[in-house]
Amino acid sequence: MTSHYDHAQVQEFWQYVWERDDVYALDSDADDPTYVLGMFPYTSGTLHMGHIRNYAITDAHSRYRRMRGDDVLHPMGWDAFGLPAENAAFERKTDPESWTQACIRRMREELETMGFGYDWSREITTCEPDYYQWNQWLFKRLYEAGLVEYEAATVNWCPDCETVLADAQVAEREDEQSESSDQGSGEAASSDGTRVCWRCETPVGRRELDQWFFTITDYAEELHEGLEDLEGWPDGVREIQRNWIGRQEGARITFEVSDYSGDGSDGDGDRDRTVDVFSTRSETVYGATYLAVSPGHELARELADSDDAVDEYVETVREQDPDEVGFSGVETDATAVHPLTGEELPVYVAGYVLEDVGTGAVMGVPGHNGRDHSFALEHDLPIERVVAPDDGSDESEVESEAYTGEGTLEGSGEYDGLESETARERLVTDHDAFAEDVTYRLRDWLISRQRYWGTPIPVVHCDDCGHVLVADDDLPVELPEFVRTTGNPLDAAEEWNETTCPDCGGPARRETDTMDTFVDSSWYFLRFLSPDLADAPFDTDLAADWMPVDVYVGGDEHAILHLLYTRFFTRALADLGLLEEREPIRELKSQGTVLYDGEKMSSSKGNVVTPEEYGAETTRLFVLSAAHPEQDFEWTANNVRGAYDLQQTLYRMATEFVEESDTRLERRDHDEYVDREIDRTIAAVTEEYERFRFHRAATEIRELARLLRRYREYDRPHDEVYRRGLLTLAAVIAPMAPHLGEECWNKLRGDGLVVEADWPDPASDTSAYRLERGLVERTLEDVRDIVDVAAIDEPERIELVCAREWKYRAAELVDEAATDDPDAVPDTDAIVDRILAADGVGADRETVGSFVGRLVGREGGQESERQLTADRELEILDRASWLVTDEFGATVTVRRAAAGDDLADKARPGKPAIHIE
């Protein structure tokens, strides 16, 4: 036998055993299993350390829950569609499917090498027709429910990738974004820098195209309100979604617009209409000096028909990046009537007004809005102050800078002197032109992509019937053979394009846009429930029993796109009658980033550490023990060494015990301490696993291993105690380092496989384990301090004396008083009276009163003083005294306080008096 842990040999054997025994398979008859899921990987070619950290977290939690007796659903699949695969295939002169399948084979082999415990019978691949046919089927159901629209839209266009980009996929040049798929949403965004494609960093332009949308805005209010109930989600992720949904309460204000030429309804060449604006600061309405509409607003299009300047501006802006547009604009021949003063205001078409934000129109109040102020300066428009700060400061000198705070109205007619909030309320009540309103920043989800490698949209276009849905019986609409071409390869697939109309039977052409790949990932967790189901996307009965996902792990960079879309999809499916749950995920864990030399690992930076460099066990154990899952951490060889050494230590301890068996059968006091510390470790590790604090669990495991080594060196260990300690280490390390746990368990002759074993239970009550540990640690530290300060080279005798009995009673009474009424100050005199009424106190009123006063002054006293009894403290210190003997080589005595004992007078509960000779 050898005491060196050969991880490669051990991994291969136990992976074979686990596969042979099918230990990770979940029976479909399971009753509400614990559903643990890591965000499935995009098939980029190889696993990186971010993947490993994500899947190590879910694997450790899944193994822990199994050992706790849960049925566990822990599946894996592949986010396999998307532009990156298409680009990679193009570069390698192959087709996307071949490249993707090669990536999947490579990545699955890497996952298996790492020993992750997946139920591979549930594997799904989103680029397979048996998966994406259900994308198409769901598209049709959403269409029938009125949640799909087809309309022209001005979109972000990447000329290099030759496809539409969502606003969330447009970054500043210095940004690095890392979604696992390549597509996104159609929400509005803005940037102060150069807007570039998130993939290739090519400057992004604008185009107007006919596009397909999911109307996620129908659920904007529910998505916003639902965030309050997601108590298991990180606050940061919820806040990101809250900001992206962008709910704003305000007022809708109606302006009459007239005196502009065109084909009017009044027969004289002039037209009249109304334009609504939305404002959160309706009380500033008296400061409006112009009305501005977006280039895509209906009024702008009408004006462009008869005004060449407007038409030229609209066409120019349509192709420009929003940052290039700036505060440009063009004045029109229309005028708007102020709803309160009747004043005529000029009407502008302005690029800074966004079509899909609010109503696409704004009342320009340059004195109290920063963007309006910039536009007014650019176009020499009046700037008026109508709100003054309540403190009388000069912040309201609005000619140079807008004052955007609240205050008191002035220059506002009958509303002068009112506070901002009061005026807002009054205006809505007093005038028909004002109405309470709510708007959202959230835009509808644009799902059209002008690329090949995605789900074909199940629509044909007929000259007579318009766009027509493909029949369910004809699904899936499969992708044709890949054609290498510029632009959209589906446009070049003529034979595939030509079809017949499902309605009239006439000639028609297929839709050549494919779906955003976030459609794939918005419901994939449901397909894992029944991956082989042939007549529905998922088993609705299982979904009713097994959903929501109990624990979902991934990066918080997915907060806006993937996570928001899953919440929308789940609600939509519930409204279709396919689900009962409206929230897909109960608990979300955001993983931090693995850094190298202070930077995120990236192939482009050349700072990637591959998992195989250190082996599965060392890598897994390190990424879990380095930091809390939500924190970033630095990859260093020295810290990796710590994970490696822990494995070798545990393996060596198990091996030496089996080989040497130099133990005894009779029990001694220090055996009781070690046995109790094993219980305390089980309690502590259990608590840390429950809270996903694997790094603290690893620390607890190291400490128990250190104690057991010290125990073995101090004396021949008790056979049962030592073996129990080693089996406990094997069990509690197994979720993080399963091969090591299995090997040690097997050597120690544990029952069956550790992966199927019960989680260890403490043999005694551990409710006060923190107090007990704290007492021992403080006492050891106090002994060290005395030895150091007194410069005692070789202490011969160390005496530990517990406090007098009445002090424990005092602490108990203070604790009771604080518990009965936490807000009240305990009655010191009453407590002193109760203590002195007992027999054998042996202290005067002044001494007792002083001690009780100190307890009350410390806001209830130390926790240890209030909960450990005198007998329990004496027992703990007596059993732990061998640690003092082992460290200092001295004889140790632990005793109660005696009558007339001056040393005992210095002791207090949780803080024994110490005498060293």
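Read-outs throughout are calculated quantities, based only on the coordinates presented, and are distinct from any laboratory measurement. No experiment lies behind these values; they were computed from the predicted model shown. Quick reminder, even Gly has a Cβ in these numbers, built from the backbone with ideal geometry, and neighbours come from all protein chains shown.
Which entry in (i) 35.6, 114; (ii) 28.9, 94; (iii) 34.1, 99 matches Rg and Dmax of the Cα atoms in Å derived from the coordinates of this structure?
(i)
So if each residue of separation counts as 0.36 nm, and I subtract the Cα-Cα distance between Val608 and Thr893, what length gain in nm does that give? Write out the running numbers ahead of the final one.
Working: separation 285, 0.36 × 285 = 102.60 nm, distance 5.63 nm.
That works out to 97.0 nm of additional length.
For Ser590, Ser374, Ser400, Ser625, which order do you get if you count the other beta carbons within 10 Å of each Cβ and list the fewest first? Intermediate results must be reported in sequence, preceding the final value.
Details: Ser590 19, Ser374 15, Ser400 8, Ser625 22.
Ascending number of Cβ neighbours within 10 Å: Ser400, Ser374, Ser590, Ser625.
Angle between the Cα long axis of helix 769-789 and the longest principal axis of the chain, 0 to 90 degrees, nearest 10?
70 degrees
Could the peptides 46-53, 22-29, 346-353 be put in order, highest first, of the mean number of other beta-carbon atoms found within 10 Å of their residues?
346-353, 46-53, 22-29
Tilt of helix 637-660 relative to the longest C-alpha principal axis of the chain, in degrees (0 to 90, nearest 10)?
40 degrees
Using the per-residue mean of other Cβ atoms lying within 10 Å as a proxy for protection, in what order, highest first, do the peptides 681-692, 334-345, 893-904, 4-15 fall?
Result, highest mean Cβ count within 10 Å first: 681-692, 334-345, 4-15, 893-904.
For the chain, what is the calculated [θ] at 222 nm in deg cm²/dmol (nearest 500), taking -39500 (n - 2.57) for each run of four or more DSSP H residues and dividing by its residue count?
-12000 deg cm²/dmol
What is the fewest-to-most order of Arg872, Arg443, Arg620 by other Cβ atoms lying within 10 Å of their Cβ? Could you put the intermediate results ahead of the total?
Numbers: Arg872 15, Arg443 24, Arg620 30.
Fewest-to-most ranking of Arg872, Arg443, Arg620: Arg872, Arg443, Arg620.
Using a Förster radius of 25 Å, what is the FRET efficiency between Val438 and Asp416 based on their Cβ-Cβ separation? Nearest 0.05, please.
Computed FRET efficiency for Val438 and Asp416 comes out at 0.30.
What distance in nm separates the two pseudo spin-label positions at Glu298 and Thr341, each 7 Å out from Cα along the beta-carbon direction?
2.8 nm
Determine which residues of the range 741-756 fall in the zone a paramagnetic label at Gln9 would reach in this model, i.e. backbone nitrogen under 15 Å from the point 7 Å along Cα→Cβ.
So the set is 743-744, 747.
Each residue of the range 814-820 in turn: what ³J(HN,Hα) in whole Hz from Karplus with 6.51, -1.76, 1.60 and θ = phi - 60°, glycine and Pro shown as x?
Rounded to whole hertz, the list is 4, 5, 4, 5, 5, 6, 5.
Could you please rank Val483, Val398, Val36, placing first whichever residue has the fewest other Cβ atoms within 10 Å of its Cβ? Kindly include the intermediate steps, with their values, before the conclusion.
Numbers: Val483 14, Val398 21, Val36 27.
Neighbour counts put them in this order, fewest first: Val483, Val398, Val36.
Taking every DSSP beta bridge that has both residues in the chain, what percent is antiparallel when rounded to the nearest 5?
If I count the DSSP bridges inside the chain, around 75 percent turn out antiparallel.
Could you work out how far helix 235-245 tilts from the main Cα principal axis of the chain, as a 0 to 90 degree angle to the nearest 10?
10 degrees
Would you kindly compute the Cα radius of gyration of the range 613-766 and its largest Cα-Cα separation (Dmax), both in Å?
Gyration radius and largest Cα-Cα distance of the range 613-766: 15.3, 49 Å.
I'd like the distance between the alpha-carbon centres of the range 873-899 and the range 425-499, rounded to an integer number of Å.
Their Cα centres are 77 Å away from one another.
For the range 24-150, just the Cα atoms, rotate onto the principal axes and tell me the three extents in Å, largest first.
Taking the Cα atoms of the range 24-150, the three principal extents are 49, 41, 22 Å.
For the range 770-916, what is one quarter of the convex hull surface built on the Cα atoms, given in nm²? Don't jump to the answer; show the numbers that get you there.
Details: hull surface 36.2 nm².
Taking the Cα atoms of the range 770-916, their convex hull projects to 9.0 nm² on average.
Suppose R0 equals 60 Å; then what is the FRET efficiency for Ala791 and His628 from their Cβ-Cβ distance, rounded to the nearest 0.05?
Result of the calculation: an efficiency of 0.90.
Taking every alpha carbon pair in the range 248-439, what does the distance histogram look like in 10 angstrom bins from 0, in percent?
9, 36, 35, 16, 3, 0
Taking the highest mean first, how do the peptides 223-230, 358-365 order by number of other beta carbon atoms within 10 angstrom per residue?
Most protected by this proxy first, the peptides run 358-365, 223-230.
How many nm separate the modelled label positions at Asp29 and Glu660, each set 7 Å beyond the Cα in the direction of the Cβ?
Between Asp29 and Glu660, the simple spin-label model gives 5.0 nm.
To make sure I understand the rule: partners must be lysines, Cα under 23 Å from the Cα of Lys911, and not fewer than 8 residues away in the same chain. Which ones qualify?
Within the straight-line cut-off, Lys911 pairs with Lys807.
Roughly how many whole Å is it from the C-alpha centroid of the range 553-568 to that of the range 1-58?
First find each Cα centre; the distance between them is then 24 Å.
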